[in-house]
Amino acid sequence: MDNASPLSRREALAQAQEALLAWFGAHMRPLPWRRDYDPYRVWISEIMLQQTQMERGVQYFERWMAAFPTLESLAGAPEEEVLKLWEGLGYYARARNLIQAARAVVQERGGVFPASFEELRSLPGIGPYTAAAVASIAFQEDVPCIDANVERIVARLLDIDTPVKEKAAQAAIAEAARLLLPRG
């Protein structure tokens, strides 16, 4: 596909987009953070699910929301309490970054959650993937969430021979992911 004409590449990506959306529609799981796409809930789920299996993430998410149902409740919580609830998930820097980011949003932004990819990236512990996930899911910003799974699928769609972590492959994957995005 690397040598395909721009039109055939667009057509292939349009077909892939349609197939991926149909698959998601048929196989989407009813997850607790999908109930209302609240940015706080989406953010917490994305951080929890890093290096965590889905089933375990759901259990921790529900416990977390019972203890810290709002951004303000997390921002006001003692670190020890947050870390105690995080026990078993590992990578405690994630929990500490959640506290720091929640406090920054409450203190510096009056509790208004950042609504764009760029603003989200300014918060502690929010990298490109998490910023894209929150911006696209909670705020409908047209920004792709590119993780290893997306890299693998797009590389196969485009028949990219270059290792996906190389700069040329990353650029092609990012462009294709943008084209695959449904608008809004």
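The values are calculated or read from the model by the stated rules, or taken from the named source; none is laboratory data. These numbers were taken from a predicted model, which means no experiment stands behind them. Neighbour counts run over all protein chains shown; Cβ positions are idealised from the backbone, glycine included.
Within region 45-59, which residues are among the polar types (S, T, N, Q) and more than 14 Å from the chain's Cα centre (by Cα)?
Keep residues of region 45-59 that are among the polar types (S, T, N, Q), which gives 45, 50-53, 59.
Within region 45-59, Gln53, Gln59 meet the criteria.
How about region 148-171: which of its residues are assigned to a loop (DSSP other than H, G, I, E, B) and either more than 17 Å from Leu181 (Cα to Cα) or assigned by TED's automatic domain parsing to the domain that holds Gln107 (or both)? Reasoning before the result, please.
Taking region 148-171 and keeping what is assigned to a loop (DSSP other than H, G, I, E, B), we get 158-166.
Asp159, Ile160, Asp161, Thr162, Pro163, Val164, Lys165, Glu166, listed by residue number.
Tally time: how many residues in region 35-58 are at pLDDT below 95 and either of a type in the set (S, T, N, Q) or touching a Lys or Arg at 6+ places or on another chain (Cβ under 7 Å) (or both)?
Number of matching residues: 4.
So how many residues does region 165-184 have that are under 29 Å from Leu98 (Cβ atoms), surrounded by fewer than 18 Cβ atoms within 10 Å (Cβ to Cβ) and modelled with pLDDT of 85 or more?
Quick first cut of region 165-184, residues under 29 Å from Leu98 (Cβ atoms) only: 165, 170, 173-174, 177-178, 181, 184.
With the extra rule that they be surrounded by fewer than 18 Cβ atoms within 10 Å (Cβ to Cβ), the set shrinks to 165, 170, 174, 178, 181, 184.
Okay, now just the ones that are also modelled with pLDDT of 85 or more, so 165, 170, 174, 178.
Looking only at that region, the number is 4.
Can you tell me which residue among Ala104, Ala14 is out of contact with any Lys or Arg (no Cβ under 7 Å at 6 or more places or on another chain), without any contact (Cβ under 8 Å) to a residue 12 or more places away in the chain, of a type in the set (Gly, Ala, Ser) and surrounded by fewer than 18 Cβ atoms within 10 Å (Cβ to Cβ)? Lay out the reasoning, then the answer.
On the way: Ala104 fails: without any contact (Cβ under 8 Å) to a residue 12 or more places away in the chain.
Selected residue: Ala14, the only one of Ala104, Ala14 that is out of contact with any Lys or Arg (no Cβ under 7 Å at 6 or more places or on another chain), without any contact (Cβ under 8 Å) to a residue 12 or more places away in the chain, of a type in the set (Gly, Ala, Ser) and surrounded by fewer than 18 Cβ atoms within 10 Å (Cβ to Cβ).
Among Leu85, Leu74, Leu123, Leu98, which is in a loop (DSSP other than H, G, I, E, B) and either modelled with pLDDT of 95 or more or surrounded by 15 or more Cβ atoms within 10 Å (Cβ to Cβ) (or both)?
Working: Leu85 fails: in a loop (DSSP other than H, G, I, E, B); Leu74 fails: in a loop (DSSP other than H, G, I, E, B); Leu98 fails: in a loop (DSSP other than H, G, I, E, B).
So the residue among Leu85, Leu74, Leu123, Leu98 that is in a loop (DSSP other than H, G, I, E, B) and either modelled with pLDDT of 95 or more or surrounded by 15 or more Cβ atoms within 10 Å (Cβ to Cβ) (or both) is Leu123.
Return a yes/no flag: does region 126-139 have any residue that is in contact with a helix residue (DSSP H, G or I) (Cβ under 8 Å, 6 or more places away or on another chain) and in a loop (DSSP other than H, G, I, E, B).
Yes - at least one qualifying residue is present in region 126-139.
Taking region 127-156 on its own, how many of its residues are touching a residue at least 60 places away in the same chain (Cβ under 8 Å) and buried (at least 19 other Cβ atoms within 10 Å of the Cβ)?
Qualifying residue count, region 127-156: 5.
Filter region 40-56 down to residues that are free of Cβ contacts under 8 Å to residues at least 24 places away in the same chain and not in a helix (DSSP H, G or I) and give me whichever is surrounded by the fewest Cβ atoms within 10 Å (Cβ to Cβ).
Ranking the candidates gives Gln53 first.
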